[in-house]
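Novice: Here it is, the structure, as structure tokens.
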Amino acid sequence: MKIALKTPLLNSPTGLLILVGLLSTPPLFAATETANVNHAQPETISDLETVTVKKNDLNRSAIAPSAKTVNVISQTQIERLAPTKLEEVVTYLPNVQSNRLGAGIGEDYIVRGFGLGGRLLLDGVLDNQSYYIRDPATIARVEIIKGHDSVLFGTGAPGGSVNFVAKKPQQEAETTMSFGAGSFNNQRWVLDSTGSVNDADTLAYRTVFAIQKGDTWKESVENESLTLMNSLDWTYAPKSHVLATWEFSQQGFPYDFDNVYANGEPVYDVSYVHPETEADRQYHRLSLDFEHFINEQAWLEAKFNAIQGQRDERQIGFFYLVSDTDPLVGYYREVDESFEQTNVRLALHQTYKIGQAEHELTFGFERNTTDANFDNRRAVGAFSLDIYNPQFDFELPNGADLPPRIGFIEWRERAWFVQNSTQIHPQLEFRLGFRSSQYELESQRNDLVLSQTQEQALSKSMGLSWFAQPNLEFYASYSDAFLPNVGTDRSGNFFDAISGQQKELGLTYQNRKQGIDLNFALFDIQQSNLLTKDPVDPTYKILAGEKRVKGVELQMQVAVTNKLALNMSAGLLNPKLSKNNDGYQGNDFPSVPKKTASLSLAYQLTPTVNTFVGAVHQGKRAGDLANSFYVDAYTRYDAAIKWQINPQMDVNFSVQNLTDINYITYATAQDFVRFGNPRTWILLFSSKL
């Protein structure tokens, strides 16, 4: 399958040359955020860091509440392993795994035992909520906020939030161009240009252009994408600016149908994807980010997103596993879907003082909407596939002859929120917030209502930080998280929202002079109001299910010498279905390991050569809700070496899965199993122009 580039400018080599030529016209040829880096310096412990977020600290998250653990994956860490998907590096963080969303065509993560359902953030507001994978070239860093806070971020799973921080325009001009080639015929081109547009340095731009082409280990599954992101930032007054971004992305990774676990073991090295499977997903995003300082005590913040997309796909593979010996039931579907999303967030910040206590009050409004209209015609059972040796020499259904499956999915959420942070004295800070949300969800197919709800939720959060020393903080926090339930009970009433609560105790020690950065956290997460069978009438559901996770995390970075940096993490979880009427009470969560760990070393071999070795361990996990099988633990080894040829040019060689092990990254049923990549490598050349 090849992406059919429908955008005229990008539809021919001439168009691409014109685009690059326009971008390279001075002065619009600029810099990445690594300008003025002394390449003779060793890699630092900030490459992968765990921090707690402190107010007015510009090196910390701009969106996370205080007294929260936030794991940060830096741009250096991303570039070192040169992943095409961020899921390949998140496992270096404690209690974080990649999650399944649309059999490879979407991006999601599991944080502290809870899948996020694709509700990923971009600069603090919802990123694309369709089937979408963000290109790492557009990201400055990734923030994993442990414990979702619905006061600030609305709907979400209680385990946490993932926030992508997009690359922003910089005043200092620099342009970097890179080309990479690697395993499975993969090729990757990236252009990253930024700089000032005028002499007054009040207007700056950034352009990121990335192309990914290549195969994967799975037959008939190609990894192809194109991304163009243009940003313009106007500083019209001191501390006040407007940032406008337009992003186009086209993705051709097909629905790959996962793999299966049969006869007591995973079935490796088999693809159930028909050669005529196709995918073309195109999205446009327009974003405005406005920050206006009214005076030294008050400022206004506004964010706006508008996303439009189109999915055209042909999915040909299997539907489900009948038994360990029967063939897989065949599946054919044609997807024609349009998608729209809008996000609006307004917030007024006011600082004030009462006595000796300093306060920051935030009052805001947020509205999120998504609309998807589709015709997903399909045929189930028109063919079958052998589990171990699938053959594709059968006649495919004619999509025009299939009955229409026309429908829509609509989501609406609007909310008011307020949060007050109080610095009681220089060593003590307290935060308290509330949010009132109203939401609606409806989906139909062929005029039949599939799901519907209309409810409201009240959320609260609080946090307390005690700075015992300038570099030592103890913190405690509580946060609510909610998700919508759909459907009605026996009486025809809509269900209340799924309710989640996290309680966390932690400490952070940071000593940059000694090269130590340590974080330790204990947490208890409970999710209730889960739908489970109604014991009176099993055809209905009731709110009686509950999940419980207790855990501990340790993250530490140490500069052993001025040339050697060590990063390590460890996580322990006890994830249980504490209440359930479906026969699963007391079972482990599927696809959630109880033990995770990582260790990595960054060493400066010479003034121009840096090396990296890393190991990731994910423990044994239940493979389904019934805990009928468990998937094995695994330890994966990675390595990279970077040679700074001169101040303008470097070459990076990275290998993931050095020992070429077979391993499972996700499993929630015998026919919902995803494998990690075999040994993959990429050689990447980068040059500053």
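Novice: Checking LEU348 against (1) assigned to a strand (DSSP E or B); (2) in contact (Cβ under 8 Å) with a residue 24 or more places away in the chain; (3) exposed (fewer than 15 other Cβ atoms within 10 Å of the Cβ): exactly one of these is not met. Which one?
Specialist: All conditions are met except number (3).
Novice: Right, here's the next one. Filter segment 224-283 down to the residues that are of a type in the set (Val, Ile, Thr) and farther than 30 Å from THR194 by Cα and list them by number.
Specialist: VAL260, VAL267, VAL270, VAL273, THR277
Novice: Write out, first by first residue and then by second, each pair whose Cβ atoms fall under 9 Å of each other, whose residues are 6+ apart or on separate chains, and whose first residue, in segment 631-657, is touching a residue at least 40 places away in the same chain (Cβ under 8 Å) and of a type in the set (Val, Ile, Thr) while the second is surrounded by fewer than 18 Cβ atoms within 10 Å (Cβ to Cβ) and not in a strand (DSSP E or B).
Specialist: From residues that are touching a residue at least 40 places away in the same chain (Cβ under 8 Å) and of a type in the set (Val, Ile, Thr), the pairs are VAL631/LYS620.
For every residue, the table says whether it meets (1) modelled with pLDDT of 95 or more; (2) farther than 23 Å from ASP215 by Cβ; (3) open to solvent by 30 Å² or more (accessible area, probe 1.4 Å).
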position: THR608; (1), (2), (3): yes, yes, yes
position: VAL616; (1), (2), (3): yes, yes, no
position: THR635; (1), (2), (3): yes, yes, yes
position: ASP638; (1), (2), (3): yes, no, no
position: LEU658; (1), (2), (3): yes, no, yes
position: THR668; (1), (2), (3): no, yes, yes
position: LEU689; (1), (2), (3): no, yes, yes
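Novice: OK, next. Restricting attention to segment 141-160, does a residue exist that is among the basic types (Lys, Arg), open to solvent by 10 Å² or more (accessible area, probe 1.4 Å) and not in a loop (DSSP other than H, G, I, E, B)?
Specialist: Yes; the residues of segment 141-160 include at least one that is among the basic types (Lys, Arg), open to solvent by 10 Å² or more (accessible area, probe 1.4 Å) and not in a loop (DSSP other than H, G, I, E, B).
Novice: Could you tell me how many of the residues in segment 259-276 are crowded, with 21+ Cβ neighbours inside 10 Å, assigned to a loop (DSSP other than H, G, I, E, B) and in contact (Cβ under 8 Å) with a residue 60 or more places away in the chain?
Specialist: 3
Novice: Given the conditions (1) surrounded by fewer than 16 Cβ atoms within 10 Å (Cβ to Cβ); (2) in contact (Cβ under 8 Å) with a residue 12 or more places away in the chain; (3) farther than 17 Å from TYR255 by Cβ, and given that ASP401 satisfies all but one, which numbered condition is not satisfied?
Specialist: So ASP401 meets the others, but not (2).
Novice: Which is out of contact with any Cys (no Cβ under 6 Å at 6 or more places or on another chain) and either within 30 Å of HIS425 (Cβ to Cβ) or without any contact (Cβ under 8 Å) to a residue 12 or more places away in the chain (or both), of GLY355, GLY330, GLY407, GLY381?
Specialist: GLY355
Novice: Right, ASN519: within 16 Å of ASN567 (Cβ to Cβ) and of a type outside the set (Lys, Arg) or not?
Specialist: Yes; evaluated as a whole, the condition is true for this residue.
Novice: For segment 279-311, give me the residue count where each residue is under 26 Å from ARG333 (Cβ atoms) and aliphatic (A, V, I, L, M).
Specialist: Qualifying residue count for the region: 2.
Novice: Name the single residue, out of those in segment 487-524 being aromatic (Phe, Trp, Tyr) and assigned to a strand (DSSP E or B), that is nearest to LEU450 (Cα to Cα).
Specialist: PHE494
The values are calculated or read from the model by the stated rules, or taken from the named source; none is laboratory data. Keep in mind that this is a model prediction, so the values were computed, not measured. Quick reminder, even Gly has a Cβ in these numbers, built from the backbone with ideal geometry, and neighbours come from all protein chains shown. We work out accessible area using only protein heavy atoms, side chains counted, and drop any ligands, DNA or RNA first. Shrake-Rupley method; radii C 1.70, N 1.55, O 1.52, S 1.80 Å.
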